[in-house]
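Please read the structure below before turning to the comments.
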Amino acid sequence: MAAQTVYQPLEVDDAEVAGESPNVKYTYNDFSDDEEDDGKLRLLEAPENSARQRSGGYFAYKQGLIDGQSPPWYPSPNGGTVSTWADSYAKAQKLVEQMTLVEKVNVTTGTGWAMDLCVGTTGRAGNTGFPALCLQDGPLGIRFADHADSFPAGITVGSTWNRELMRKRGEAHGRAARLKGVHVLLGPAMGPIGRNPAGGRNWEGFGSDPVLQAVAAAETIKGIQSQGVQATAKHFVGNEQEHFRKSFEWGLPEALSSNIGDRALHEIYAWPFAESIRAGVASIMCSYQMVNNSYACQNSWLLNGMLKDELGFQGYVQSDWLAQRSGVASALAGLDMSMPGDGLFWQDGKPLFGSQLTLAVLNGSVPVQRLNDMATRIVAAWYQVGQDSREQNEPNFSSWTNETVGKWHDGADDSDDTGVVNQYVETSTAETRKVARQVAHEGTVLLKNEDALLPLNYHMRELNLERKAKVIVVGEDGGPAEGGPNHCADRACNDGTLASGWGSGASEFPYLVDPFVALHKSFDAGAVELSRILKNKLSAAEKQMIKEQDLCLVLANADAGEGYLAWNGVYGDRNDLELQKGGANLIKDVAALCGGPVIAIVHSVGPVIMEEFADLPNIKSIVLANLPGQESGNALADVLFGRVDASGRLPYTIGRSLADYGQTAPVLYYPNHIVPQVDFKEGLYIDYRHFDKQGLDPRYEFGYGLSYTTFEYSNSTIESLKAKSPLPAPRLPELTPPDYKNAPLDPETAMFPDGFRRLRKYIYPWITSAERIRKVPYPYPLGYDTKREPSQAGGGEGGNPSLFENHVKITVRVTNKGARKGQEVVQVYVSFPENVTDPVSGEHIDMPVRVLRNFEKIDLRTGETKTVEMFLTRKDLSYWSVAQQNWIMPDDEITIHIGRSSRDLRYDGTY
Ligand code: BGC
């Protein structure tokens, strides 16, 4: 069964998967023709923007664009310009100076899919001691690894709104990666952001608001990197849906183009990446699809212009797996690392970097300086997280087998080299499991709680019955999957309780505590008779049984995942926002039948429509438990029984229908052009920005969530710390990047060493013959010779440092007025003045009703009061001016709201 297919997403045949040998972790379709390198100069094939010309998509491109295409931005800025990376760059320069041409190339290129133990492995620079780097998914655990926690998914983390906890989860995740010998974790994910509520991978990220997404991403990155592991901010950018995300995966030669306007790019999609860079992220993964009709991994405007100039990114850009679609063009556009090293197709031994990059440098197509910068960025990132002094530098697990002894080069069919590939190193501890549980319970959102039905008592004595209380758990989602939690490859099926979405962002559950088990453990068996019907279709006898209950808990779910796998007609993206497997009907049936009140519990990858049951009088409580990971049941019981407060808040809006999310919110399920064109016409107006602008009443708004206690807000103050001024300070001079004295290139050093045993399809940096170094004029992209001026919005990590100066200080006193201790999330929203006119272009600047800009979660004992202090920076108080290419702070009054959700605002003030 293919997990990473090339042409069509696969239907997963459950029967086949269940019978699969547990030792086969991953197999792949091999579409290669087994040819030797044909010596064609593949690098010359695909200059920037050529995709649309080759595919006939030119027409589409003409029609489809909104705010313009992707202008050229050259040359690629060199790293080494900021002081926080200065030491690492100095060390990196010394190391790279010792590298030969092929060694430099080797560190930029993966060895090919499944050629080594990790999902991606770079070549080493042997003579300098620079190791092969192990790159491994992913955002919620260590993929394809044993003895590692499956933490709650990003969407659950976002729902906690707890910065410290986000950091702790990052630390625990990074620690596991280090112990397994992973150098580069392929997470956190912060794109997709959820423009399409049914988008297949939204759950890997933290929610549908750039600030929430950015805070969670930055904390996760700091946590991961504190453990000596490089984090990867992915997927840059605009990878909002799975259909047509990748060329050849959906029956089309090219991937779709996300056509994003410059303002939405800055204010929504790139914001979390900017904050990740500010947090010091080592790597950024460019995404599969095109942005404004240029592939994201060869889009010079995005990589050179935005990431490396404007946002001052000092680390390296790696491609998503086969997202690279050209050689020289990508290198010039700012791509630094080719992953997994294969070229246009999986495992055909024909790289776009590797030997081809060596050739391209030798024939002058790629300047040596560009290669030096690529290598330096990678080596500097390694120093930056202290990997030069790390004990565990070799991976001790194999992605391709669970056996102790296995192949070192599993994907190389002509290699039989074996050894101990799995050492089963334990990474999970009581402490990491505690973090997993805490994230799961703090990420559980209580949406409805009438008659204070929750929290429950263990003995249910408040019912005053003279017999045992009868409680039932109904629904497949309440129990385990028959074949165990890992029985489908990459979790691509929805069986039993749902604790993760599917795809590369899923990991192997070390265990999965299902809801029934945990409830069973919690209820007092002497006082409560707990039964279960762990399926979604009820027989007459079961219906009768439900009628006899004093309390019913009904569970339902909705699943989605990455588009290379499909389940039950869900090709990555969901087909709608409904509960799956008849979940809504089940909830309605139980509501109609149950002899007592009903608690509806939902596990989901994203928003589901709850209209059919949310108002039913018998449904007293609704709990959204998101994707809780291995501790699912325990965390749910923690909330249901009130062992903790209900403290999750919605990381997206729950609307009343998909249509409510706006005209452009549905996924594009059928291609509209040869290169499908997805125009982000809604601009800034996704999720609550759309609902607020249209005056739509959502079922539950962004930021919403009930607590078991009540909070009072008082004495709020909004203090101006700095005067307003429209523009950030002028860009300051930066450090000078490493300057290499380039010795003349000697093609002889680039030849395969004598007697070297080559594995077929393995990616090497060497070339076979010097005759292939032909100096022919290279068709550089249009605009290549025009040097770009540095952006005035740049000058530091994440942007111009003056953007991050605090302009406003907010204080508010919050008191716990209830009878229990609890946790409150204080949220700060900003409303920009309505009649802003851009001073340069004279155009009216349309502003969202309000946008989240800060938040803080606090713990409060009964009666306790805390003063919460929060700040707003210049960037928080500015809009992106397309005309001025900078962040502009409007002159007129800005309103600042403090509240409990995007619609429950308690205080307003102005700046
Ligand atoms: C995904 C990435 C992932 C990579 C490696 C790709 O299919 O889009 O998120 O990191 O595979 O597994």
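Only the coordinates and a few stated rules stand behind these numbers; no lab work does. What you see is a predicted model, and the numbers here were worked out from it, not measured in a lab. Quick reminder, even Gly has a Cβ in these numbers, built from the backbone with ideal geometry, and neighbours come from all protein chains shown.
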Rounded to whole Hz and in sequence order, give me ³J(HN,Hα) for region 631-639 from the Karplus expression 6.51 cos²θ - 1.76 cosθ + 1.60, θ = phi - 60°, writing x for Gly and Pro. 8, 2, x, 4, 5, 4, 5, 3, 6
What relative contact order, as a whole-number percentage, does region 444-652 give when Cα pairs under 8 Å and 6 or more residues apart are counted? 32 percent
Beyond 28 Å between alpha-carbons counts as too far, so tell me which of Lys448/Lys821; Lys620/Lys817; Lys94/Lys407 fall in that bin. Lys94/Lys407
Return a whole-number percent for the relative contact order of region 330-433, with Cα pairs under 8 Å and 6 or more residues apart as the contact set. 17 percent
Region 416-517: Cα Rg divided by the 2.2 N^0.38 Å rule of thumb: 1.51
Of the peptides 807-815, 678-686, 419-427, 170-178, how do they stack up when ordered by the mean number of other Cβ atoms within 10 Å, highest first? 170-178, 678-686, 807-815, 419-427
Dipole magnitude of region 444-652 about its Cα centre, charges +1 at Lys/Arg Cβ and -1 at Asp/Glu Cβ only, in debye to the nearest 20? 440 debye
Straight-line reach from Lys234: which lysines have a Cα under 16 Å away, not including same-chain ones fewer than 8 places off? Lys222, Lys246, Lys308
Using the Cα gyration tensor of region 697-783, with a ≥ b ≥ c the square roots of its eigenvalues, what is the shape: rounded (a/c below 1.5), prolate (a/b larger than b/c) or oblate (neither)? prolate
Treat the count of other C-beta atoms within 10 Å as a stand-in for reagent exposure and order Lys821, Lys168, Lys787 from fewest to most. Lys787, Lys821, Lys168
Estimated vicinal HN-Hα couplings, Hz - region 305-316 in sequence order (Karplus 6.51, -1.76, 1.60; Gly, Pro = x): x, 6, 5, 8, 8, 5, 9, x, 5, 9, x, 10
I need two numbers for region 444-652: Rg to one decimal and Dmax as a whole number, Cα atoms only, in Å. 16.4, 56
Computed over the chain, the ratio Rg/Rh where both radii use C-alpha atoms and Rh is Kirkwood: 0.97
Full extension from Asp739 to Ala592: what is 0.36 nm times the residue separation minus their Cα-Cα distance, to one decimal in nm? 45.5 nm
Using the Karplus equation 6.51 cos²θ - 1.76 cosθ + 1.60 (θ = phi - 60°), what ³J(HN,Hα) coupling, rounded to whole Hz, does each residue of region 509-524 give in order, writing x for Gly and Pro? 5, x, 6, 9, 7, 7, x, 4, 4, 6, 5, 4, 5, 8, 5, 6
Unsatisfied cross-links (Cα-Cα over 27 Å) in the set Lys104/Lys168; Lys543/Lys581; Lys588/Lys693: Lys104/Lys168; Lys588/Lys693
Shape call for region 301-431, from the Cα gyration tensor axes a ≥ b ≥ c (a/c under 1.5 means rounded, otherwise prolate when a/b beats b/c, else oblate), comes out oblate
Which order do peptides 98-104, 256-262 fall in by mean Cβ count within 10 Å, highest first? 256-262, 98-104
Ranked by how many other beta carbons lie within 10 Å on average, peptides 543-551, 469-477 from highest: 469-477, 543-551
Most exposed first, judged by fewest Cβ atoms within 10 angstrom, His520, His897 run His520, His897
Can you tell me the orientation of helix 583-593 relative to the chain, as the angle in degrees between its alpha-carbon axis and the longest Cα principal axis, to the nearest 10? 10 degrees
Final fewest-first order of Leu117, Leu852 on the 10 Å Cβ neighbour count is Leu852, Leu117
Expressed in nm to one decimal, what extension gain is obtained for the pair Ala86 and His844 from 0.36 nm per residue of sequence separation less their Cα-Cα distance? 268.6 nm
What is the chain's relative contact order, in percent, from Cα pairs under 8 angstrom and six or more apart in sequence? 18 percent
